[in-house]
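I have placed the structure first, in the form of structure tokens, so that the comments after it can refer back to it.
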Amino acid sequence: MALRFFADHCVANQVVNALRAAGHEVLRLKEYMPVESRDTAILDKAKDLAAILLSLNGDFADIVAYPPAQFGGIVALQIRDHPEITRVVVDRLLLYTAAHPYQKDYRGKLLLVEAHRLRIKE
């Protein structure tokens, strides 16, 4: 089953293309709103689109500011100025999505996807 992601403006085409190649739907922020939109507006749009927010923005990994229980899922790719690890991080995400193919599997969760691990916060 395909998942629906809402990719923040900072998400590279490499990530978007890999998810689409795996059969997932990826909506780009720039197609729906200005790229300089506030984080809260971005999360609201992800909710409106019934999509999992996909971002490299570290702000979205702050569970105090953005409690996962209030959202349909947040995936924070932990690449931090190391584009050479992008493929490894994307592969880790693709393995997880293959094992968790339903949108409901992501509701109320924050996934921190790193090169060497994937952590889930609820």
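The values are calculated or read from the model by the stated rules, or taken from the named source; none is laboratory data. Nothing here was measured: the structure is a model prediction, and the numbers come from that model. Here Cβ is always computed from backbone atoms with ideal geometry, including for glycine, and neighbour counts include all displayed protein chains.
Sort through Ile63, Ile79, Ile85 and tell me the only one that's assigned to a loop (DSSP other than H, G, I, E, B) and surrounded by 15 or more Cβ atoms within 10 Å (Cβ to Cβ). Steps first, answer last, please.
Working: Ile63 fails: surrounded by 15 or more Cβ atoms within 10 Å (Cβ to Cβ); Ile85 fails: assigned to a loop (DSSP other than H, G, I, E, B).
Every option except Ile79 fails the conditions.
Within the stretch 44-60, the set of residues being in a helix (DSSP H, G or I), at pLDDT 95 or above and surrounded by 16 or more Cβ atoms within 10 Å (Cβ to Cβ) comprises Lys45, Ala46. Once the stretch 15-36 is narrowed to residues that are more than 20 Å from Ala50 (Cβ to Cβ) and either at pLDDT below 95 or in a strand (DSSP E or B) (or both), the residue that is nearest to the chain's Cα centre (by Cα) is Val35. Among the residues in the stretch 74-82, are any of a type in the set (Asp, Glu) and under 21 Å from Gly23 (Cβ atoms)? Within the stretch 74-82 (the criterion being of a type in the set (Asp, Glu) and under 21 Å from Gly23 (Cβ atoms)), the answer is no, since none of the residues qualifies.
Would you please name the residue that is nearest to Leu49 (Cα to Cα), looking only at residues in the stretch 88-122 that are in a helix (DSSP H, G or I) and either hydroxyl-bearing (Ser, Thr, Tyr) or out of contact with any Leu (no Cβ under 9 Å at 6 or more places or on another chain) (or both)?
Among residues in the stretch 88-122 that are in a helix (DSSP H, G or I) and either hydroxyl-bearing (Ser, Thr, Tyr) or out of contact with any Leu (no Cβ under 9 Å at 6 or more places or on another chain) (or both), the one nearest to Leu49 (Cα to Cα) is Lys104.
None of Ala69, Ala50, Ala98, Ala46 is touching a residue at least 24 places away in the same chain (Cβ under 8 Å) and either of a type in the set (Ser, Thr, Tyr) or under 19 Å from Ala12 (Cα atoms) (or both) except Ala46.
Considering (1) in a loop (DSSP other than H, G, I, E, B); (2) surrounded by fewer than 16 Cβ atoms within 10 Å (Cβ to Cβ), the lone condition that His9 does not fulfil carries the number (2).
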